[in-house]
Amino acid sequence: MKFCSLFILLFVIIAVGELKAQESSVPVKFPVKGKNDTIRVASTNEDGEMIPWIPLNEVVIYGARIFKTPADRAAFNRLRYNVLKVMPYALFAKRRYEQLERDLAVTTDRKEHKKLVKACDAEIKKMFNTEIKELTITQGQILTKLIDREVGRTTYEIVKETQGGVKAFIYQSVARVVGHNLKSTYNAEEERDIESIIQSSGFYHQ
């Protein structure tokens, strides 16, 4: 009986060994790599060792705003609404005047200069007549500051450059009557709430 058990055990060991030998003799086929299987990355030589690295987009983390009272929260929400309402107009003014400056830089003809300035002024006026004139006084005040933030010049300076000093004075006089000031400038330190709203708004990540 013992001899029979040993014989069976020996048979099993031999059979398993032959099976493994057969498996090892079968060539392993690896899938053919294509161009999409290769990831190219930048690398830096650090003391003779190539270290691969991948640049990542900046991630900005903002802390949760804590308000002392419900009234403070409501005031901030109103400010956020007003900033998000007028920010697209400030960005439009920035893009339009940057385009104007590029166009003026490539032409020396005085008539062409006037034509370009007039076209730019017409677009800005159209925006004012169709949308901006519906803004509240508070929204208008914020807009004049944001234009200075985006363009680097006050609304008064822009009007003076494109329309002349007389019209800039007239526009400023009218603006002052309704509570606006075309000479308003933007200070990020003084306007920390507005700045935080802009930075977290996503306007610069589109």
For this session: State the number of residues belonging to the range 87-108 that are among the charged types (D, E, K, R) and open to solvent by 80 Å² or more (accessible area, probe 1.4 Å).
Result: 3
Exercise. Name the residues in the range 45-73 that are of a type in the set (Ser, Thr, Tyr) and at pLDDT below 85, would you?
Worked result: 62
Exercise. When you look at residue 84, is it in contact (Cβ under 8 Å) with a residue 60 or more places away in the chain, loosely packed, with under 15 Cβ neighbours inside 10 Å and under 22 Å from residue 199 (Cα atoms), yes or no?
Worked result: yes
Exercise. What residue, among those in the range 176-198 that are in a helix (DSSP H, G or I) and touching a residue at least 12 places away in the same chain (Cβ under 8 Å), is surrounded by the fewest Cβ atoms within 10 Å (Cβ to Cβ)?
Worked result: 193
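Here's the yes/no breakdown for (1) in contact with a helix residue (DSSP H, G or I) (Cβ under 7 Å, 6 or more places away or on another chain); (2) in a helix (DSSP H, G or I); (3) of a type in the set (Lys, Arg); (4) closer than 16 Å to residue 191 by Cα:
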site	(1), (2), (3), (4)
68	no, no, yes, no
71	no, yes, no, no
82	yes, yes, no, yes
85	yes, yes, yes, no
101	no, yes, no, no
107	yes, no, no, no
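The values are calculated or read from the model by the stated rules, or taken from the named source; none is laboratory data. Since the model is a prediction, treat every value here as computed from it, not as a measurement. Backbone-built Cβ (ideal geometry, glycine too); neighbour counts: all protein chains shown. For the accessible areas, the whole protein counts, side chains as well, though only heavy atoms, and no ligand, DNA or RNA atoms are used. Shrake-Rupley method; radii C 1.70, N 1.55, O 1.52, S 1.80 Å.
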